[in-house]
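The values are calculated or read from the model by the stated rules, or taken from the named source; none is laboratory data. Predicted, not measured: the structure shown is a model, and the values here were computed from it. Counting neighbours? That spans all protein chains shown, and the Cβs are built from the backbone with ideal geometry, glycine included.
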Amino acid sequence: MLSKKIIFAMFSFMLVFSVQAENYVQDIHYQVLEGERSQNKEVTEYFSFYCPHCFTQEPMMLSLVASLPVGTKFNKNHVDKMPGRNVEIEHSLTKALIVSELLHIEEKMVPVIFNTIHVSKTILNSSADVKNLFIANGVDGPNYDKIYSSFAVSMQFNQMQQKTAALRKQGVGTVPTVIVNGKYRVLTKSLKGEEDFLKLVAFLLNKNN
């Protein structure tokens, strides 16, 4: 019988070989963006809670998170200025995402917000409506307000806005958009499905130029 260590090593080699064997081509499977690569491995999804495709792609994002190597950071960057949407509500949703991350309940609240908009078809008319989603799911109202108005949320909100603006400056304005190591944009139209998507992300995570 082979030991578990040997079996794991063989599996890891097969996975790496499989990724390396794929013939991914610049401007067909991925786009190289301006600027330097991030120092650490990371994957960022630019999305909007109002985006139907972002909603339907969420299960694939969960698969992506589960597939990432140890030490690889996954970020969700909420964007605003979607057609026909109230930008103030979009800002509230961005801050609500950050609050959920600070409370470590994003795995619970992201589906709640998506389902509220796309399944229940509930219209969010104010920041209070967004806050009530958290209260309905066990978050203390005053604590939500405290975190929502904190410097930490304000700082992360501004960072998301800046990253979105920088991406749009390069002509990337669609969501969902997945960026690997701050340098490589995944071009999903060229991919055959979820497995191909995961392999491409793994390929880009290890790309050195």
Using beta carbons and a limit of 6 Å, which pairs, at least six apart or on different chains, have the first residue in segment 177-203 and closer than 14 Å to MET61 by Cα and the second one modelled with pLDDT under 95?
PHE197/LEU191; LYS199/VAL19; LYS199/GLU22; LEU200/TYR24; ALA202/VAL19
Name the residues in segment 65-97 that are farther than 13 Å from VAL130 by Cα and of a type in the set (A, V, I, L, M), would you?
VAL65, ALA66, LEU68, VAL70, VAL79, MET82, VAL87
Kindly list, by first and then second residue, each pair from a residue in segment 96-112 that is under 22 Å from HIS53 (Cα atoms) to a residue that is hydroxyl-bearing (Ser, Thr, Tyr) and in a helix (DSSP H, G or I), limited to pairs with Cβ atoms under 8 Å and residues at least 6 apart or on different chains.
ALA96/TYR148; GLU106/SER100; LYS108/SER100; MET109/SER100; VAL110/SER100
Quick test for you: out of MET82, MET60, pick the one residue that is assigned to a helix (DSSP H, G or I), over 26 Å from ALA136 (Cα atoms) and in contact (Cβ under 8 Å) with a residue 12 or more places away in the chain.
MET60
Among the residues of segment 172-209, which ones are small (Gly, Ala, Ser) and closer than 26 Å to GLN162 by Cβ?
GLY173, GLY182
So which residues in segment 33-68 are surrounded by fewer than 12 Cβ atoms within 10 Å (Cβ to Cβ) and farther than 30 Å from SER120 by Cα?
GLU34, GLY35, GLU36, GLN39, ASN40
2 or more residues more than 15 Å from the chain's Cα centre (by Cα) and surrounded by 18 or more Cβ atoms within 10 Å (Cβ to Cβ): qualifying helices (runs of 4 or more DSSP H) within segment 91-209
106-118, 127-135, 141-148, 194-205
